[in-house]
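Asks: Please see the structure below; I have some questions.
The values are calculated or read from the model by the stated rules, or taken from the named source; none is laboratory data. This one's a predicted model, so the numbers in the text were calculated from it and none came from an experiment. Neighbour counts are summed over all protein chains in view; Cβ atoms, including those assigned to glycine, are modelled from backbone coordinates with ideal geometry.
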Amino acid sequence: MNFTMHLRLFLRSLFIQTGWNFTKYQNIGLAFTMYPFLRRIYQHDPEALPSVVDRYLENFNTQPMMASFCLGALARQEERLAQTKTLAAYKERLSEWNGIKRSLSITSASIGDRLFWGTLKPFTLLLALCIWLLVGINFFEIEIPGTFTRWELFGAAAAAFLAFNAIALFVKWQGITLSYHAVNNGCFGLTKFDWNKTIYNAKRIGILISVVLLLWGVYYFVHDLEEFLGVQFITRAVLVLFFVSISLMTRDLRIPNMYVYIAAMLAFSLVSLF
Amino acid sequence: MTAFLGICLLGALLELDTTYAFQLTFSRGIIAGPLLGLLAGDVLTGLQVGVFTELLFIDINPLGGMLPPSAAVCCTLSMALYALNIPIYFAFFFGVIGSILFSVCEIFVRKRRGNWIVHEEQKIHQRPSRMNQTVIRALGMSFAGNLLFVLIVGLAIGPSFVKLLAHLPEQLQLAGRFAYMAVPWIGLATLISAFRLKTR
């Protein structure tokens with residue numbers, strides 16, 4: 001695969017979830033992404049193209065950033081398929097192609113969900129929150145005090161954006177190369193990275209920063225000793241402690257945060273009216 | 001009203017990034033919030049709404065076919081209603097409700113889209129190069145759907161709530177402020193469990 005084709009697959013893979021549906025999931029996206037590659041392979045046999053594209057229009061679902069591992073592996077397997085001379089060999093390779101598509105999409109989705117949604121997204125959120133608090137943007141107050149430059153306002157969001165996408169786009173780009181050149185016993189390049197160790201370390205750092213951030217929030221309320229034990233302080237402290245406890249409890253009950261907030265809004269409204 | 005329409009347009013565009021195009025996190029609360037705040041003329045409030053949205057939705061991820069409430073829609077509705085002079089603590093509440101409603105509508109649309117996909121597959125089989133048109137049409141329809149949703153919900157709530165606002169008792173405003181203040185604490189407590197090694 002040359003650089004131009006690699007780039008085309010990479011850019012088209014940004015649309016892998018276009019047309020997502022509950023019947024065949026990312027089938028349109030996969031076929032759209034692979035189309036230039038398929039057209040090049042079957043340029044001498046254009047009549048075969050519709051039936052080849054039909055195979056890519058079957059069920060497909062994976063994590064969008066990790067889809068690149070499927071793209072490279074499927075491209076390599078398609079090349080082998082196109083070169084088969086006998087029907088028996090074709091059937092065997094087609095069966096392999098189906099197996100790779102199914103198993104690799106599940107494996108890479110499992111890694112991608114844990115890495116990108118479960119770790120990197122909250123981690124970059126923490127990064128942004130820390131930067132905003134360090135430049136003095138106190139989002140705990142309804143009317144945020146102070147005036148800020150554009151850099152201070154957008155800097156943290158830009159840092160989170162760049163941190164997330166640097167990793168996501170690197171994995172996306174490398175995934176195509178690794179899986180295209182990898183041999184089967186290398187799990188199509190998936191074993192090139194130590195995913196578990198990365199996730200484990202990021203989560204350890206993340207939990208540490210979260211605790212520090214929570215403690216900073218508590219400090220913010222108690223640092224002014226003149227206000228300490230005042231009515232406003234006690235009201236806010238009770239409110240904060242109540243919601244932190246409720247949030248920790250609802251985690252175990254698997255109740256999403258948004259319902260806690262909606263319940264709080266309704267409960268406060270009812271209490272305030274009666 | 002110009003700011004309202006601008007916010008709805010940008011919000012509908014940003015929402016495409018959640019699923020259908022790019023997934024470069026433009027639709028995240030911390031990115032979408034300040035951008036929409038820029039259009040509303042109050043970046044700080046946009047930033048706060050963005051942070052609160054992320055913290056509130058941090059415990060639900062798009063795993064498998066699961067559809068969490070859209071952070072982009074929540075920020076869009078919150079800032080669009082804020083631009084219509086609704087206090088941010090009420091606007092955010094409607095934003096959260098709207099984003100939950102949006103995910104219900106999105107599930108319905110994705111189920112119905114299956115029929116359209118079958119129709120398109122037949123055309124692609126006859127002419128494979130038609131795939132590009134299919135993708136462009138799918139993106140266009142998704143954008144139109146997003147825009148229609150935020151406009152309908154925004155216009156259904158906005159003007160009527162502005163009229164109601166003058167008659168709302170002061171206690172209700174206080175209740176709204178209290179609930180809004182609780183959001184970062186609910187979210188921060190969740191962040192700790194989000195980093196536990198065994199999480200959903």
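Asks: Against the conditions (1) touching a residue at least 12 places away in the same chain (Cβ under 8 Å); (2) within 12 Å of chain A (Cβ to nearest Cβ), where does B:I157 fall short? Just the number, please.
Replies: (2)
Asks: When you scan segment A:137-159, do you find a residue that is on the phi > 0 side of the Ramachandran plot, surrounded by 15 or more Cβ atoms within 10 Å (Cβ to Cβ), of a type in the set (G, A, S) and modelled with pLDDT under 95, even just one?
Replies: No, the conditions are met nowhere in segment A:137-159.
Asks: Can you confirm whether segment B:81-94 contains a residue that is among the small types (G, A, S) and in contact (Cβ under 8 Å) with a residue 60 or more places away in the chain?
Replies: yes
Asks: State yes or no: is A:Q43 in a loop (DSSP other than H, G, I, E, B), facing chain B (nearest Cβ under 10 Å) and out of contact with any strand residue (DSSP E or B) (no Cβ under 6 Å at 6 or more places or on another chain)?
Replies: For A:Q43, the condition - in a loop (DSSP other than H, G, I, E, B), facing chain B (nearest Cβ under 10 Å) and out of contact with any strand residue (DSSP E or B) (no Cβ under 6 Å at 6 or more places or on another chain) - is not met.
Asks: Something else: Name every residue in segment B:1-42 that is modelled with pLDDT under 95 and of a type in the set (A, V, I, L, M, F, W, C), in order of residue number.
Replies: B:M1, B:F22
Asks: Considering only residues of segment A:254-274 that are within 20 Å of B:L67 (Cα to Cα) and among the hydrophobic types (A, V, I, L, M, F, W, C), which is farthest from the other protein chains (Cβ to nearest Cβ)?
Replies: Per the stated criteria, the residue is A:I255.
Asks: Could you list all residues from segment B:146-200 that are under 29 Å from A:F274 (Cβ atoms), among the β-branched types (V, I, T) and surrounded by 14 or more Cβ atoms within 10 Å (Cβ to Cβ)?
Replies: B:I157, B:V183, B:I186
Asks: Moving on. Taking B:A71, is it out of contact with any Cys (no Cβ under 8 Å at 6 or more places or on another chain), more than 10 Å from every other protein chain (Cβ to nearest Cβ), buried (at least 23 other Cβ atoms within 10 Å of the Cβ) and closer than 25 Å to A:S247 by Cα?
Replies: For B:A71, the condition - out of contact with any Cys (no Cβ under 8 Å at 6 or more places or on another chain), more than 10 Å from every other protein chain (Cβ to nearest Cβ), buried (at least 23 other Cβ atoms within 10 Å of the Cβ) and closer than 25 Å to A:S247 by Cα - is met.
Asks: For the condition hydrophobic (A, V, I, L, M, F, W, C), out of contact with any Lys or Arg (no Cβ under 9 Å at 6 or more places or on another chain) and buried (at least 24 other Cβ atoms within 10 Å of the Cβ), what is the one hit in B:L81, B:L44?
Replies: Unique residue meeting the criteria: B:L81.
Asks: Restricting the search to segment B:86-118, which residues are within 10 Å of chain A (Cβ to nearest Cβ) and under 25 Å from B:K163 (Cβ atoms)?
Replies: Of everything in segment B:86-118, those that are within 10 Å of chain A (Cβ to nearest Cβ) and under 25 Å from B:K163 (Cβ atoms) turn out to be B:P87, B:I88, B:Y89, B:F90, B:F92, B:F93, B:V96, B:I97, B:S99, B:I100.
Asks: Among the residues of segment A:6-18, are any at pLDDT 95 or above, surrounded by fewer than 15 Cβ atoms within 10 Å (Cβ to Cβ), farther than 19 Å from A:L81 by Cα and not hydroxyl-bearing (S, T, Y)?
Replies: Scanning segment A:6-18, I find at least one residue that is at pLDDT 95 or above, surrounded by fewer than 15 Cβ atoms within 10 Å (Cβ to Cβ), farther than 19 Å from A:L81 by Cα and not hydroxyl-bearing (S, T, Y), so the answer is yes.
Asks: Another one. Tell me which of these B:H167 doesn't satisfy, since it passes every other one: (1) more than 10 Å from chain A (Cβ to nearest Cβ); (2) in a helix (DSSP H, G or I).
Replies: (2)
Asks: Further, regarding this structure: Can you tell me how many residues in segment A:22-45 are surrounded by fewer than 19 Cβ atoms within 10 Å (Cβ to Cβ) and under 22 Å from B:C105 (Cα atoms)?
Replies: Summing the residues that are surrounded by fewer than 19 Cβ atoms within 10 Å (Cβ to Cβ) and under 22 Å from B:C105 (Cα atoms) in segment A:22-45 gives 2.
Asks: Let me ask something else. Tell me, which residue of segment A:77-111 that is assigned to a helix (DSSP H, G or I) and polar (S, T, N, Q) is surrounded by the most Cβ atoms within 10 Å (Cβ to Cβ)?
Replies: A:S108
Asks: Continuing with the same structure: Return the residues of segment A:82-137 that are charged (D, E, K, R) and closer than 30 Å to B:I192 by Cα; say none if nothing qualifies.
Replies: A:D113, A:R114, A:K121
Asks: When segment B:1-32 is examined, which residues are found to be at the interface with chain A (Cβ under 8 Å from one of its Cβ atoms) and either assigned to a helix (DSSP H, G or I) or on the phi > 0 side of the Ramachandran plot (or both)?
Replies: Those that are at the interface with chain A (Cβ under 8 Å from one of its Cβ atoms) and either assigned to a helix (DSSP H, G or I) or on the phi > 0 side of the Ramachandran plot (or both): B:F22, B:Q23, B:T25, B:I30, B:I31.
Asks: Any idea which of A:F37, A:F60 is of a type outside the set (S, T, N, Q), in contact with a Cys (Cβ under 9 Å, 6 or more places away or on another chain) and at pLDDT 95 or above?
Replies: Answer to the check: A:F60.
Asks: Does segment A:60-67 contain any residue that is surrounded by fewer than 21 Cβ atoms within 10 Å (Cβ to Cβ) and in contact with a His (Cβ under 7 Å, 6 or more places away or on another chain)?
Replies: No, that holds for no residue.
Asks: Run down A:T33, A:T23, A:T62 and say which single residue is facing another protein chain (nearest Cβ under 10 Å) and either closer than 25 Å to A:I111 by Cβ or among the acidic types (D, E) (or both).
Replies: Answer to the selection: A:T33.
Asks: So in segment B:106-143, with the set limited to residues that are loosely packed, with under 15 Cβ neighbours inside 10 Å and either in contact (Cβ under 8 Å) with a residue 24 or more places away in the chain or among the polar types (S, T, N, Q) (or both), which one is nearest to B:M79 (Cα to Cα)?
Replies: B:I107
Asks: Those residues that are assigned to a helix (DSSP H, G or I), in contact (Cβ under 8 Å) with a residue 24 or more places away in the chain and within 8 Å of chain A (Cβ to nearest Cβ), I need them from segment B:46-68; list them, please.
Replies: B:Q48, B:G50, B:V51, B:F52, B:E54, B:L55, B:L56, B:F57
Asks: Can you run down the residue pairs with Cβ atoms below 7 Å, 6 or more apart or on separate chains, where the first is in segment A:194-209 and among the charged types (D, E, K, R) and the partner is surrounded by 13 or more Cβ atoms within 10 Å (Cβ to Cβ)?
Replies: These pairs meet every condition: A:K203/A:T119; A:K203/B:F195.
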